[in-house]
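For reference, the structure is listed below as structure tokens.
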């Protein structure tokens, strides 16, 4: 159990470093689709954390949830923005929409991590 905690902490630190080097002036959209098929989009800074896929879904989800919560607290709570999450009743899907222009500015490692999770990250023209 201690090894998993150390690995999770290492992934957390690495991810924090990865998303802190992004072009923060760019904007992406956090999109929420309700079970009634209503779509709501929130503009968010492009330095959002990117989920790492290690093969251990439980660790990946826990680590990303922690990182994303910290990021929301740091970046979005100032404006009192609350992002819906898929775990809430009535929310059927969430994803982050990234313009191709902004995507091209990301590091190769960040791009690869985004490409590895196409259900959650949508790159648009």
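No lab work stands behind these numbers, since they all come straight from the coordinates. If you're wondering where the values come from, they're calculated on a predicted model, not measured in any experiment. Here the Cβ positions follow ideal geometry from the backbone for every residue, glycine too, while neighbour counts run over all protein chains shown.
Working from label points 7 Å from Cα in the Cα-to-Cβ sense, the residue 41 to residue 97 distance is 0.2 nm. Between residue 29 and residue 59, the contour length at 0.36 nm per residue exceeds the alpha carbon distance by 8.2 nm.
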